[in-house]
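All remarks here apply to the structure that follows.
The values are calculated or read from the model by the stated rules, or taken from the named source; none is laboratory data. On a predicted model such as this, the values are computed, not experimentally measured, just so you know. Note that each Cβ is placed from the backbone with ideal geometry, even for glycine, and that neighbours are counted across all protein chains shown.
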There are 2 protein chains.
Amino acid sequence: MAERKALPIGVFDSGVGGLTVLKSLHEELPNEDLVYLGDTARLPYGTKSPASISRYAGQATAKLQEQGIKLLVVACNTASAVALETLRLQMDPLPVIGVVEPGAAAAVQARPRGKHLVLATEATVGLHAYRDAIAGIDPDAHVDELPCEMLVALAEEGWTTGAVAEAIVHRYVDAFKEGDFIPNSVILGCTHFPLLREPIASAFDDDVTIIDSASTTAAHARELLASAGLLHDAGGSLRFMATDGASRFARVGGMFLGKRLTRADIEIVDL
Amino acid sequence: MAERKALPIGVFDSGVGGLTVLKSLHEELPNEDLVYLGDTARLPYGTKSPASISRYAGQATAKLQEQGIKLLVVACNTASAVALETLRLQMDPLPVIGVVEPGAAAAVQARPRGKHLVLATEATVGLHAYRDAIAGIDPDAHVDELPCEMLVALAEEGWTTGAVAEAIVHRYVDAFKEGDFIPNSVILGCTHFPLLREPIASAFDDDVTIIDSASTTAAHARELLASAGLLHDAGGSLRFMATDGASRFARVGGMFLGKRLTRADIEIVDL
């Protein structure tokens with residue numbers, strides 16, 4: 001086991017959004033080596049067919065397996081919703097974590113029988129990934145799902161605070177401040193949205209719990225590695241691979257990671 | 001020539017944005033049959049390599065050639081910038097029109113030696129398509145190019161008027177209200193942006209000319225067909241093909257076209 005402990009954790013996303021998950025993993029597990037792969041040449045996954053998404057995710061996983069990884073984190077809501085079981089077979093006996101299950105579990109734990117509002121992309125909402133995951137844990141929970149595509153563009157543009165961010169968030173969520181469904185839990189169900197935590201939180205009352213699936217996924221990864229005796233204590237490196245666009249990856253990804261990246265930090269790979 | 005006159009005009013885009021061009025063509029040429037193909041399965045083109053874009057555009061053109069068309073309109077700025085010459089060879093001797101050249105020509109005509117601000121996607125700005133096209137016609141012109149990705153999301157969300165649209169437009173363009181480069185012409189250099197003409201125009205002074213490349217492309221198509229004796233007088237039908245996502249195409253595309261579309265109006269094709 002000594003050797004396996006020292007292997008990196010592989011993190012996969014269709015683009016740069018999963019870097020919010022990488023950031024949380026790095027904070028939660030500062031002594032683990034992390035290797036990230038963004039399939040930027042084929043994003044967005046959300047508009048692709050499930051068969052294509054599974055195939056792409058399988059190719060990305062194979063590339064990470066070549067590096068030798070001890071755990072795969074699928075830091076992409078669409079791939080988590082569509083391809084998690086396929087990737088578990090491919091990685092067997094090594095573990096695979098998606099972002100949807102930890103986020104759903106954390107929401108239920110914070111608000112049993114709660115009223116959960118899922119903010120996500122159109123693709124994730126269409127798959128009802130969080131609704132189904134929450135229903136599987138807490139049948140008494142109420143869930144509503146809201147597609148918020150503009151928040152993705154907002155995060156990628158880096159306008160994460162200020163008047164424009166506030167106006168857009170309010171336009172999406174003000175309908176949930178009164179009426180039949182007033183949430184007590186708001187799930188950031190897209191890897192881009194942790195960047196917008198501040199304007200989202202301030203659009204709701206203080207007693208609404210904000211669930212960040214990046215940090216809940218990182219906490220779940222720590223628990224899983226600890227229980228398997230696979231925690232490492234001498235790493236901490238970050239590696240970045242992408243399938244296209246090193247400059248854009250560095251510029252936008254740097255914001256998501258909260259750390260300056262340059263073009264030279266990104267290795268372009270073929271899948 | 002009688003037979004060729006009656007053939008439809010083919011219109012191609014990576015997604016639904018080109019429907020603003022289709023709308024302008026239908027207004028300018030109400031007696032022409034129009035057939036539209038959106039390569040929605042592979043959008044966005046802007047992040048792909050030039051070789052991939054050329055290949056995809058060639059496949060889309062071949063599909064439209066199968067329908068029998070008399071003119072191809074490339075209603076996609078990225079494909080116009082990257083693949084126009086390749087597509088001209090493929091369509092030869094039939095004509096091909098892109099969106100960049102008519103927009104650039106109209107801007108120069110309206111404002112000789114002008115100061116042109118091009119609002120476009122990051123991809124189009126990176127290719128300097130409008131800057132180079134304008135420089136080729138009017139070497140004394142000044143051009144600045146501004147990537148405005150949020151405007152794409154704004155148009156697709158349908159928030160084309162109101163406080164959010166105004167706040168976003170102002171955040172982009174207010175830097176051009178004073179300083180060294182104050183434009184007297186603003187080019188809507190993305191097929192999505194004609195939907196946002198109102199908030200964009202109102203963010204500038206009244207003496208700034210707004211150039212809509214959708215309507216200038218339609219005007220150019222009419223001139224070209226007229227001079228070739230290929231104008232039809234008994235058509236007017238619209239047909240829609242897409243490579244994925246009929247529901248989303250109908251919903252978002254309907255806004256771009258300014259006409260209600262249903263899922264059943266969209267034929268899903270393989271390229």
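What to note about this one:
- Selection status of A:VAL16, closer than 27 Å to A:ALA153 by Cα, within 14 Å of another protein chain (Cβ to nearest Cβ), buried (at least 24 other Cβ atoms within 10 Å of the Cβ) and not acidic (Asp, Glu): yes
- A:ARG197 meets the conditions (1) assigned by TED's automatic domain parsing to the domain that holds A:LEU19; (2) basic (Lys, Arg); (3) under 15 Å from the mean Cα position of the chain (by Cα) in every case but one. The failed one is (1).
- Given (1) touching a Pro at 6+ places or on another chain (Cβ under 6 Å); (2) in a loop (DSSP other than H, G, I, E, B), index of the condition A:ARG113 fails: (1)
- Residue within region B:45-53 that is outside any strand (DSSP E or B), over 21 Å from B:VAL118 (Cα atoms) and at pLDDT 95 or above present: no
- Residue in region A:27-37 that is surrounded by fewer than 21 Cβ atoms within 10 Å (Cβ to Cβ) and assigned to a helix (DSSP H, G or I) present: yes
- Selection of helices (runs of 4 or more DSSP H) fully inside region B:129-246 by the criterion of at least 1 residues being within 14 Å of chain A (Cβ to nearest Cβ) and over 24 Å from B:PRO112 (Cβ atoms) returns B:149-157, B:163-173, B:197-202.
- In this structure, A:LYS177 does satisfy being assigned by TED's automatic domain parsing to the domain that holds A:GLU149 and either modelled with pLDDT under 95 or under 19 Å from the mean Cα position of the chain (by Cα) (or both).
- Single residue of B:GLY245, B:GLY254 found to be more than 30 Å from B:ARG111 (Cβ to Cβ), touching a Leu at 6+ places or on another chain (Cβ under 9 Å) and assigned by TED's automatic domain parsing to the domain that holds B:SER24: B:GLY254
- When region A:213-226 is limited to residues that are surrounded by fewer than 18 Cβ atoms within 10 Å (Cβ to Cβ) and touching a residue at least 60 places away in the same chain (Cβ under 8 Å), the one that is farthest from the chain's Cα centre (by Cα) turns out to be A:LEU224.
- The residues on offer are A:GLY179, A:GLY162, A:GLY229, A:GLY189, and the sole one that is at positive phi and in contact (Cβ under 8 Å) with a residue 40 or more places away in the chain is A:GLY229.
- Of the residues making up region B:247-259, one or more are under 20 Å from the mean Cα position of the chain (by Cα), closer than 21 Å to B:ALA62 by Cβ and outside any loop (DSSP other than H, G, I, E, B).
- For B:VAL118, the stated conditions do not hold, so it cannot be described as in contact with a strand residue (DSSP E or B) (Cβ under 6 Å, 6 or more places away or on another chain), of a type in the set (Val, Ile, Thr) and at pLDDT below 95.
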